[in-house]
Amino acid sequence: MAQQGRHFKQKSGKHTGKRQRDEELDIRQRPDAADVPLPAAKPPLRSGFDPVTEPTEEAVGSRSERSNPPPSRSGSTNVRNSAGPAEKKAKEKKRSYNNVDEEWLVSESPSRKKTHKKNKNTRGRSVVKSLISWILYLAVLVGIAFLLVHFVGQRTEVIGSSMEHTLYNGDNIIVDKISYRFHEPERFDVIVFPYQHEENTHYIKRVIGLPGESVRIDGEGTIFINGEELQESYGSEVIKSPGLAAEEILLGSDEYFVLGDNRNASADSRDPQVGNVKRDTIIGKAWLRIWPLNKIEFIRHQ
């Protein structure tokens with residue numbers, strides 16, 4: 001049926017076209033054919049497209065007016081003449097900017113010049129601030145180190161064998177310099193004090209007698225404090241030479257009697273060149289051995 005329908009439409013189309021041509025022919029053959037207008041031929045339609053229509057004269061005129069507006073009555077020539085140099089100058093500036101013309105950037109752009117100076121000033125200020133901060137940091141470190149060395153602790157090296165078997169030659173110790181600011185030295189404390197006959201030389205000994213006490217050492221090496229025998233176990237051997245302590249020594253209110261633990265190899269309060277130690281000359285007490293590493297320990301006092 002679909003094929004028959006298409007065949008019928010084709011025949012119908014041919015028949016209609018033939019009849020239209022016959023009518024046109026009859027009109028031309030009639031005597032008054034000049035007065036009868038021929039029917040206008042319809043433009044062919046393309047499948048899938050809208051009919052194409054020609055624009056009218058009014059539409060064409062309106063388009064041309066919009067694209068080419070009429071010139072203004074006054075000042076049109078001046079505007080065009082001034083626009084030419086301005087455009088040329090803008091193009092030159094754009095070209096200079098694209099080519100990174102530094103001279104133009106400085107001379108023609110004051111805002112950029114100000115920004116450049118501002119950045120330089122900012123960088124300079126940041127450098128100055130960094131230097132100041134570093135100087136302050138170093139000053140704080142030096143101040144802390146000064147306080148630690150002079151008021152808190154100090155490293156000291158043991159030279160000699162007068163404190164064996166507690167401290168040995170070459171040991172490095174930290175001296176506690178702050179404790180005696182809060183309390184007085186006690187018996188058996190290991191203290192550090194300067195040697196009065198030689199600069200930059202310090203002695204390290206153990207406190208035996210306290211201020212106001214009497215000290216005596218008999219011929220057998222026994223120590224007596226205020227007439228009573230002192231019970232202690234720090235001496236490595238029996239004292240052979242009592243020195244000044246062979247006779248009773250009365251200590252003043254600010255004096256201390258000291259001995260080395262290696263009693264027969266120590267220059268201490270028995271020696272006239274050392275004598276009793278004044279309170280204000282005591283630097284501090286031995287607190288910690290830090291060298292050698294295999295012997296790191298707190299120093300035993302009591």
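What follows is calculated from the coordinates using simple rules that are stated; it is not laboratory data. Keep in mind the model is a prediction, meaning the values are calculated, not measured. Positions of Cβ are generated from backbone atoms using ideal geometry, with glycine treated the same way; all protein chains shown enter the neighbour counts.
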**Prompt:** Using the beta-carbon distance between residue 195 and residue 130 and R0 = 45 Å, what value does 1/(1 + (r/R0)^6) give for FRET efficiency, to the nearest 0.05?
**Reply:** 0.45
**Message:** Using DSSP to call loops (not H, G, I, E or B), can you name the GluC sites (Glu not before Pro) in the range 186-261 whose Cβ has at most 10 other Cβ atoms within 10 angstrom?
**Reply:** 198, 199, 220, 247
